[in-house]
1. Just need the Rg to Rh number for region 253-362, please, alpha carbons only, Kirkwood Rh.
2. Quote the charge dipole size of the chain about the Cα centre in Debye, to the nearest 20; the model charges only the Cβ of Lys and Arg (+1) and of Asp and Glu (-1).
3. Could you compute the net charge surrounding ALA248? Neighbours are other residues with a C-beta less than 13 Å from the C-beta of ALA248; K and R count +1, D and E count -1.
4. I need to check one value: relative contact order of region 38-257, counting alpha carbon pairs closer than 8 Å and at least 6 residues apart, in percent.
5. Around VAL198, under 14 Å between beta carbons, what's the net of Lys plus Arg minus Asp minus Glu among the other residues?
6. Antiparallel versus total DSSP beta bridges in the chain: what percent is that, nearest 5?
7. Any idea which of PHE186, SER351, ALA95 is furthest toward the positive side of the dipole for the chain, if Lys and Arg beta-carbons carry +1 and Asp and Glu beta-carbons -1?
8. Taking only DSSP H segments of four or more residues, each worth -39500 (n - 2.57), what value at 222 nm results for the chain once the sum is divided by all its residues, to the nearest 500 deg cm²/dmol?
Amino acid sequence: MRQPAHGGNLAWAAALAGCPPSAILDFSASISPLGPPNSALAAIESQLGNLRHYPDPDYGELRLALSHFHQLPPEWILPGNGSAELLSLAGRELAQLAATALITPAFGDYYRALAAYHAEVLEFPLSFGTNAQESFVIRHLSVIHDKGLLLNNPHNPTGKLFSREAILPYLKDFALVVVDEAFMDFLPPEQEQSLVEVVQEYPNLVILRSLTKFYSLPGLRLGYAIAHPDRLRRWQLWRDPWPVNTLAAAAAVAAVADKEFQEQTWAWLPAARDQLFQGLASLSGLQPLQSAANFLLVESQQSSSQLQQKLLKHHQILIRDCLSFSELGDRYFRVAVRSGLDNQRLLEALSLVISDESLVIKRKDN
């Protein structure tokens, strides 16, 4: 079975570990351990009888719920079959421009969406520093008015949070700016740097959001785009008539209205993330980067793919290697922030694996 380019492939992990998928403790997919919210599950159950009917092709109720959530008119919002579907539509638009700038390392699906429409890609490396919130600079790019920019905030895989002020100048320069805010929900309103509040000022801005990570609903495949209504009407013509199923739409309406779940998540994450960060930093040969999201990127003196395989085979724990990020390679891995008990289990397993590897190296040296 081919090694996955994304996290969360439990079938691959179980085959390697020799156990059922349910036995794998998954740190590779950055999904909140607190969900799905009970409100979303109840909404799904309430809609089972409606599976005999087609969904509303306009998704009026869902759009209205998201419009209340973001304080925007409903026509500025387009639900999709996960943000991946909407990323493909954005890729089609970006491919019509002379080139698209990417901040690297970049989420692998960006390359897929751009390559599908033969877009020209220009890469600009992100400088790795100690601050979780940093700016980025696109240098030496001539004539940028005919080009696009695609980036995510918070950045995946580093977890860096770019300030709103760092991105705004590029909205005046690029023909189209697509900002993937898949992890922005994990920041409380007073800390987030979302561009949703300025989207009506910039017809060249597209914001992609995901409901799968914060609300633990990846199996439902649900995301949405926020952009000028003219652009979204064009996108609507490019895709299937019912991209979001009835159960996913109902779960989304309930989830975005669940203030208690949102507050619970914002209260949980900082302490859990710090516990995991401090634990990783205390292990020999590991250096985690500060993150504003629900995951940590970790630099390792040992091969991350070997760590991954040993954790799977001996401890049934799956971490995300970074082989699909060419700038990172085999010396980085990424882990989601999970519950305190899960985080401790990972730290203990990593400690054992690292200690065993150190003993092997010492024997070879002797």
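1. A ratio of 1.04.
2. Its charge dipole is roughly 880 debye.
3. With Lys, Arg at +1 and Asp, Glu at -1, the net is -2.
4. Answer for region 38-257 is 29 percent.
5. -3
6. About 45 percent, rounded to the nearest 5.
7. SER351
8. Value at 222 nm, helices only: -12000 deg cm²/dmol.
Every number in this text was worked out from the coordinates using simple rules, so none of it is lab data. What you see is a predicted model, and the numbers here were worked out from it, not measured in a lab. Neighbour counts are summed over all protein chains in view; Cβ atoms, including those assigned to glycine, are modelled from backbone coordinates with ideal geometry.
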